[in-house]
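The values are calculated or read from the model by the stated rules, or taken from the named source; none is laboratory data. The model shown is predicted, which means the values in this text are computed figures rather than measured ones. Positions of Cβ are backbone-derived with ideal geometry, glycine not excepted, and every protein chain shown enters the neighbour counts. Ligands, DNA and RNA are stripped out before the accessible areas are found, and what is left, the full protein with its side chains, is counted by its heavy atoms. Shrake-Rupley method; radii C 1.70, N 1.55, O 1.52, S 1.80 Å.
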Amino acid sequence: MKNINKIEIVNQFVQKIPVYNETNLEASMLLDESIDDAREIFLVPILDTWLLYAPLQGILTLVSTSAANKIRQVFQSKEYEALIATDSMLSFFDRQGLFQKSNVDKSAFNEPFKHWKPTHVTFSTTQKCTLRCTYCYAEGGRLDDIDIPREIAKGAIDLIIRNAELDGQNPSINFLGEGEATASWKEFCWVIDYFRKECVKRNLIPYIDLSTNGVFPKKRISYIAEVCNGITFSLDGLEEVHNKYRILPNGKGSFSQVISTMKAFDQLGKNYHIRSTISIEALSSLSDFIHFIGNETKCKNIQLEPIFDVKSVTSLQTEINCPNADLFIENYRKAKQVAAEYGIEIYYSGADTSRKLTFCSATSAKNFLVTARGIITSCNEVLKPTDPRSPLFQYGEWNLEAKEFVVDSERINKLGRLNSLEINKCQGCIAKFNCAGDCYAKTAVSNGDPWAAGYTYRCAITRELLKDNLLLSLLTSEIGEFPTSKWVNC
């Protein structure tokens, strides 16, 4: 496949993908067939054939209807060994391990507190913000406008550097949280400068990520471009759409400022990503938005996530209407075709083809996020102590008397249960080892806790877009490595 143009593949392939008009999440489950007695092996009807996906065995291929029927028969027959012995196709899959029971090592999730040694910290350095986004889970710019005390920031950096030295790793920091990190410029620069200085002392290589709304003075651009390894801008669509949701304190839109900032980074040759929160209004112009990015910027990576209603866990009053799952899928597919024309990768977090057991670093408190108040949380979206989800995700704080971070071992161990082996809704789902339970904070908003059986509208999106990506993986050979690598074409 190396000589085939991947952009051409994406264009030709996505045009053929059928849109399943299933609005009922329970009904959409029927589109995938989890074989009896083999709940983690799937046969999915698509493109007049069947997608065979066995994530634990590392098998992904397209098979005919007759082959699919034979595979079902093996799992449903008590004399399956005789069936395999007399059929070359079945014998082939037997050698690949399709009919062998695969177990997952769960030990990594047992007592994670014993292994809690973060080498990465995400800082919420300030509650100040240059925007007043209508859907902001952090309520940026609406809280107390406090900055993180330098003593706390220093304590977090010292901790991750100490752990990094012990583990022979390089430490990293990220800016994302209650506000816009660059809105408190002195604290932002102080954290970076101290981190870099301490790394130099110990011959460590610092890595710095910044998630930003892009609304900051032009004179700060050169410094950010120099010190930040990774930069992600929030941009929610074309001007009319973006300006409806991402609003300046004076009520005006921020689109022109964000685009101006991005183009300044383009001129410096600095790569960056875009993260777009997709509203109902953004769907109809999503392909036009990708055209705009392809023509006007040098960005080659865009993450598209449907907007999520957070009113129940914030004090926001503005109505937040989530896009219909079917319409998101349909317009995402159209946008993917357009993106291919420009060599742009578009990404939806739930449809990652990498095989894994956890959706994000909230699991086992792998995420060490320190808020401006010194609270430690494992979730980027659960930042306030008043958040009803805080008893699950917030697992420690800075102790003023002891001058150190104190963490709750029981909460860390409970966070170890955030994996697809423990979540009811994941059992029998084709995305169990890819989506791995989806965003645990969003599920907690919808269902009360991440382990509940109910689906969210994101589940339907995840399942359909994962199938797309699995099929594209067969063409481009871009697949994950967990836990084996027996990907076959037949």
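Consider residue 121 carefully, then state whether it is under 30 Å from residue 245 (Cβ atoms), among the aliphatic types (A, V, I, L, M) and in contact with a helix residue (DSSP H, G or I) (Cβ under 7 Å, 6 or more places away or on another chain).
Yes.
Residues in the stretch 155-197 that are free of Cβ contacts under 8 Å to residues at least 40 places away in the same chain, open to solvent by 10 Å² or more (accessible area, probe 1.4 Å) and closer than 23 Å to residue 130 by Cβ: 185, 186, 189, 193.
Every test in (1) open to solvent by 40 Å² or more (accessible area, probe 1.4 Å); (2) assigned to a loop (DSSP other than H, G, I, E, B); (3) of a type in the set (A, V, I, L, M) is passed by residue 200 save one, and that test is (2).
Among the residues of the stretch 198-217, the ones that are touching a residue at least 12 places away in the same chain (Cβ under 8 Å), out of contact with any Ser or Thr (no Cβ under 8 Å at 6 or more places or on another chain) and among the aliphatic types (A, V, I, L, M) come to 2 in all. Of the residues making up the stretch 96-114, those that are modelled with pLDDT under 90 and more than 19 Å from residue 43 (Cα to Cα) number 8. Restrict the check to the stretch 159-181 and report whether at least one residue is touching a helix residue (DSSP H, G or I) at 6+ places or on another chain (Cβ under 8 Å) and of a type in the set (Lys, Arg). Within the stretch 159-181, not a single residue is touching a helix residue (DSSP H, G or I) at 6+ places or on another chain (Cβ under 8 Å) and of a type in the set (Lys, Arg).
Checking every residue in the stretch 362-378 against the condition of being over 24 Å from residue 427 (Cα atoms), in contact (Cβ under 8 Å) with a residue 12 or more places away in the chain, open to solvent by 10 Å² or more (accessible area, probe 1.4 Å) and in contact with a strand residue (DSSP E or B) (Cβ under 6 Å, 6 or more places away or on another chain) gives at least one match. Of the conditions (1) of a type in the set (S, T, N, Q); (2) at pLDDT 95 or above; (3) closer than 20 Å to residue 351 by Cα; (4) touching a Lys or Arg at 6+ places or on another chain (Cβ under 9 Å), residue 443 fails just one. Which one is it? Of the numbered conditions (1) of a type in the set (S, T, N, Q); (2) at pLDDT 95 or above; (3) closer than 20 Å to residue 351 by Cα; (4) touching a Lys or Arg at 6+ places or on another chain (Cβ under 9 Å), the odd one out for residue 443 is (2).
Conditions tested, residue by residue: (1) over 21 Å from residue 123 (Cα atoms); (2) out of contact with any Asp or Glu (no Cβ under 6 Å at 6 or more places or on another chain); (3) among the aromatic types (Phe, Trp, Tyr); (4) at pLDDT below 95.
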{"position": "375", "(1), (2), (3), (4)": "no, no, no, no"}
{"position": "398", "(1), (2), (3), (4)": "no, yes, yes, no"}
{"position": "424", "(1), (2), (3), (4)": "yes, yes, no, yes"}
{"position": "448", "(1), (2), (3), (4)": "yes, yes, no, yes"}
{"position": "465", "(1), (2), (3), (4)": "yes, yes, no, no"}
{"position": "469", "(1), (2), (3), (4)": "yes, yes, no, yes"}
{"position": "480", "(1), (2), (3), (4)": "yes, yes, no, yes"}
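Of the residues making up the stretch 309-317, not a single one is part of a strand (DSSP E or B) and over 30 Å from residue 268 (Cβ atoms). Restricting attention to the stretch 50-93, the residues that are in a helix (DSSP H, G or I), over 26 Å from residue 104 (Cα atoms) and among the hydroxyl-bearing types (Ser, Thr, Tyr) total 3.
Residue-by-condition table, conditions (1) surrounded by fewer than 17 Cβ atoms within 10 Å (Cβ to Cβ); (2) at positive phi; (3) without any contact (Cβ under 8 Å) to a residue 24 or more places away in the chain; (4) in contact with a strand residue (DSSP E or B) (Cβ under 8 Å, 6 or more places away or on another chain):
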position: 380; (1), (2), (3), (4): no, no, no, yes
position: 383; (1), (2), (3), (4): no, no, no, yes
position: 389; (1), (2), (3), (4): no, no, no, no
position: 394; (1), (2), (3), (4): no, no, yes, yes
position: 403; (1), (2), (3), (4): yes, yes, no, no
position: 413; (1), (2), (3), (4): no, no, no, no
position: 419; (1), (2), (3), (4): no, no, no, no
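With a requirement of 1 or more residues that are of a type in the set (Gly, Ala, Ser) and more than 30 Å from residue 154 (Cα to Cα), the helices (runs of 4 or more DSSP H) lying completely within the stretch 356-460 that satisfy it span 440-447.
From 239, 319, which residue is modelled with pLDDT under 95 and more than 21 Å from the chain's Cα centre (by Cα)? When all the criteria are applied, what remains is 319. Which one is surrounded by the fewest Cβ atoms within 10 Å (Cβ to Cβ) among residues in the stretch 117-154 that are under 26 Å from the mean Cα position of the chain (by Cα) and at positive phi? Ranking the candidates gives 139 first. Any residue in the stretch 370-377 that is among the polar types (S, T, N, Q) and closer than 30 Å to residue 289 by Cα? Within the stretch 370-377, not a single residue is among the polar types (S, T, N, Q) and closer than 30 Å to residue 289 by Cα.
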